[in-house]
Amino acid sequence: DSRAASLPPSPPSAHPPRDVDNESTKVPELSQQAVLMASEEMPSGSLPVKGYDFNQGVDFEKLMASYLTTGFQANQFALAVNEVRKMRAWRLSDEPIEEDERDDLRDPAVRARTKATIFLGFTSNLISAGTRESIKYLCQHKLVDVIVTTGGGIEEDLMKVLAHDESAAPSPPFSLHLTPLTTPPPPKCMAPHYIGDFALKGAELRRRGINRIGNLLVPNRNYCIFEEWLMPILDEMLEEQNSEGTRWTPSKMIKLLGERIGNEDSVYYWAAKNGIPVFCPAITDGSVGDMLYFHSYKNPGLVLDIVEDIREINNAALHASHSGMLILGGGLVKHHICNANLMRNGADFAVFINTGQEFDGSDSGAKPDEAISWGKIKPEATPVKVYSDATLLLPLLVALAFVDPKPDGTDGGPTLPGASS
């Protein structure tokens, strides 16, 4: 080919020819060291990852026990269950007698029945939702000692049980279907909340007088019913303040409302009945605050003292033999409980369940380790944070760590690996 003969010779290669046969049989040493790096032995007692085997059927106890070896937030939830069980199981008799121990606390029988003081905190949306019934159970059976919530966490419990209708039909049987198989019966309360949808338009709801809390709906008439019930009580409080010198606090007011509601379906009925103080430093931030505002025009003069309440909750922590915190959600309720436990140089047990992240510096998102830095949790404690919507986990937590169906009062929930006996 004359064209090939006229082409100039190729320049010499800058790279020597490769030994293809040799390179194909020798793994690069750097790559091999990086990929096949040797491992140290795992610490003794490390748990292998293993989930639940549904081939054995659906066994709730075994399913829940498998969470500890599932990983991620399932694992964190199992640790939270164990932490709550520990705070419930603790007795002063577990500890050595200190040199400066009070005389009454040296008695072995007294030490054996002295428990940790459990602080329960929850945001108002957990009363709006069906988790209210889980919280009511804890109060009904006196399984917590101190409560902190927000303004909405007070009023929405009370309005749900106003004008209770005992003649209402029972609820339909439980179904795994997301839509009811039959038309549900009328609700048993005259002022219930309803299931709605996150996507419902605010302007249309406002036109219809319906308020939205996530995917829950609250007819505004519920607040009107609440006002009609609350206003006469505020008048009585003012009269007692003026005639007897009573100094009202938010906690005293909440106790009075729990007594007046007279309904066993109420969280605060049981809190009042069982002597569980309920602290709400933001009592004015909600419908109660609206009513207090209106009352200040209609019948002015009522005073609520928040200073007396801060003394009460701080002393509850200060004088506790041991202290545990179960905090659902963040914001005010989380900080108020943690700060009370600062007065004792930290809680001994702690569980946080919320969706907050710490990157913005919020207290809601702060991990337990940040609370340790402030002296709100003891350095030797084993606190747990679970990243979750509490509506998913609170009923399970109550079932696993609080329900005591056995006659001897021992926990009836499944045994999780690593659980305290």
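Condition check ((1) basic (Lys, Arg); (2) modelled with pLDDT of 85 or more; (3) open to solvent by 10 Å² or more (accessible area, probe 1.4 Å)) across all residues:
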| site | (1), (2), (3) |
| --- | --- |
| 143 | no, yes, yes |
| 148 | no, yes, no |
| 170 | no, no, yes |
| 175 | no, no, yes |
| 180 | no, no, yes |
Check your understanding: When both residues are 6+ apart or on different chains and their Cβ atoms are under 6 Å apart, which pairs have a first residue that lies in the range 292-319 and is closer than 27 Å to residue 92 by Cβ, and a second that is open to solvent by 30 Å² or more (accessible area, probe 1.4 Å)?
Key -> 314/343; 317/343; 317/344; 318/343; 318/344
Exercise for review: Identify all residues within the range 85-108 that are open to solvent by less than 70 Å² (accessible area, probe 1.4 Å), part of a helix (DSSP H, G or I) and either of a type in the set (Gly, Ala, Ser) or over 23 Å from residue 52 (Cα atoms) (or both); write none if there are none.
Suggested key: 86, 87, 88, 89, 92, 93, 105
Practice item. Could you look through the range 349-379, keep only residues that are of a type in the set (Val, Ile, Thr) and within 15 Å of the chain's Cα centre (by Cα), and pick out the one that is nearest to residue 339 (Cα to Cα)? Key: 351
Check your understanding: If you go through the range 122-138 one residue at a time, do you hit one that is in contact with a Pro (Cβ under 9 Å, 6 or more places away or on another chain) and small (Gly, Ala, Ser)?
Key -> yes
Point to revise | Filtered residue count, the range 118-155, keeping only those that are part of a helix (DSSP H, G or I) and touching a residue at least 40 places away in the same chain (Cβ under 8 Å) | key: 17
Check your understanding: Mind checking whether some residue in the range 55-65 is surrounded by 20 or more Cβ atoms within 10 Å (Cβ to Cβ) and in a helix (DSSP H, G or I)?
Key -> yes
Exercise for review: Name the helices (runs of 4 or more DSSP H) wholly inside the range 275-365 in which the number of residues that are within 23 Å of residue 78 (Cβ to Cβ) and either of a type in the set (Gly, Ala, Ser) or open to solvent by less than 10 Å² (accessible area, probe 1.4 Å) (or both) is 1 or more.
Suggested key: 332-342
Check your understanding: Given the structure, is residue 225 open to solvent by 20 Å² or more (accessible area, probe 1.4 Å), in contact with a helix residue (DSSP H, G or I) (Cβ under 7 Å, 6 or more places away or on another chain) and of a type in the set (A, V, I, L, M)?
Key -> yes
Check your understanding: Residues in the range 228-262 that are in a loop (DSSP other than H, G, I, E, B), surrounded by fewer than 18 Cβ atoms within 10 Å (Cβ to Cβ) and either touching a Gly at 6+ places or on another chain (Cβ under 7 Å) or touching a residue at least 60 places away in the same chain (Cβ under 8 Å) (or both): how many?
Key -> 1
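The values are calculated or read from the model by the stated rules, or taken from the named source; none is laboratory data. The structure presented is a predicted model; accordingly, all values stated were derived computationally and were not measured. Neighbour counts are summed over all protein chains in view; Cβ atoms, including those assigned to glycine, are modelled from backbone coordinates with ideal geometry. These accessible areas exclude ligands, DNA and RNA; they are computed on the full protein's heavy atoms, side chains included. Shrake-Rupley method; radii C 1.70, N 1.55, O 1.52, S 1.80 Å.
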